[in-house]
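J.: Attaching a single structure in structure tokens format; questions to follow.
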Amino acid sequence: AVVNGFFKAPKHWNFDFVDELIKANRKYFPWWSGKSIEDPNAPAVITYELTPIAPLMSLKGPRAELCQRFGEVRCPVLAFTSKLSPEFQMDGSLQWFDEVSGPVEHIVLERSNHVATLDYDKEIIEARSIALALAVAKGERDPLRKDVVSS
């Protein structure tokens, strides 16, 4: 199960600015600090105003390799995406699961933002994730529907 998995950057993004920051001996860069949860009753979420560059860059190679190997994923995949998350509208960056070989169920969370596990649709995430885990544990061959499902 993947909640708001952001594996592929949109084509128009250019990460060369990070290389420039490294050359300038910068250790951090400003990060988006907008709203990430819609539910006003959700617990407070720690957000970062600055992102450390070195850990971000350490993900570059493994992330690229992962994206090249999506076709090798044969297990059931449950992909949740939040309609209110800024990443939802990006040009194809969320469609990574189209490249997966195994069965995929995609659930669009209509009322949640990026931190969906604490937002309005958290019960949907919990219920569907548990159902998937139980189906796999019972050895059901195809615990996911192959069509795109919106909840």
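J.: At 7 Å along Cα-to-Cβ for each site, give me the label-to-label distance between PHE6 and ALA135 in nm.
T.: 2.8
J.: Once phi is turned into θ = phi - 60°, what whole-Hz ³J(HN,Hα) does the Karplus curve with 6.51, -1.76 and 1.60 give for every residue of the stretch 66-72, x standing for Gly and Pro?
T.: So the Karplus estimates, Gly and Pro as x, are 4, 4, 6, 10, 4, x, 7 Hz.
J.: Taking square-rooted eigenvalues a ≥ b ≥ c of the alpha carbon gyration tensor, is the stretch 16-133 rounded, prolate or oblate, where a/c under 1.5 means rounded and, failing that, a/b exceeding b/c means prolate?
T.: oblate
J.: Could you pull out every residue, at least 5 positions away or on a different chain, whose amide H is within less than 5 Å of the one on LEU84? Hs are placed 1.01 Å off N in the peptide plane, and Pro or chain starts have none.
T.: Hits under the 5 Å cutoff: SER112.
J.: Quick one: which residues, 5 or more positions from VAL2 or on another chain, have an amide H under 5 Å from its amide H? H modelled 1.01 Å from N in the peptide plane, none for Pro or chain starts.
T.: Correct list: LEU78, ALA79, PHE80.
J.: Could you compute the FRET efficiency for LYS27 and PHE70, with r as their C-beta to C-beta distance and R0 at 35 Å, rounded to 0.05?
T.: Working: r = 32 Å, r/R0 = 0.92.
Here the calculated transfer efficiency is 0.60.
J.: Still on this structure, I have one more. Taking R0 as 22 Å, what's the FRET efficiency between LYS60 and ASP98 from their Cβ-Cβ distance, rounded to 0.05? Walk me through the intermediate numbers first.
T.: Working: r = 23 Å, r/R0 = 1.03.
E between LYS60 and ASP98, to the nearest 0.05, is 0.45.
J.: List every residue whose amide H lies under 5 Å from the amide H of GLU38, counting only residues 5 or more places away in sequence or on a different chain, with H placed 1.01 Å from N in the peptide plane.
T.: Amide H to amide H, under 5 Å and 5 or more residues apart or across chains, GLU38 pairs with ASN113, TYR120.
Taken together, the values in this text are just the output of simple stated rules run on the coordinates, not laboratory data. These numbers were taken from a predicted model, which means no experiment stands behind them. Using ideal geometry, Cβ is built from the backbone for each residue, glycine included, and neighbour counts are taken over all protein chains shown.
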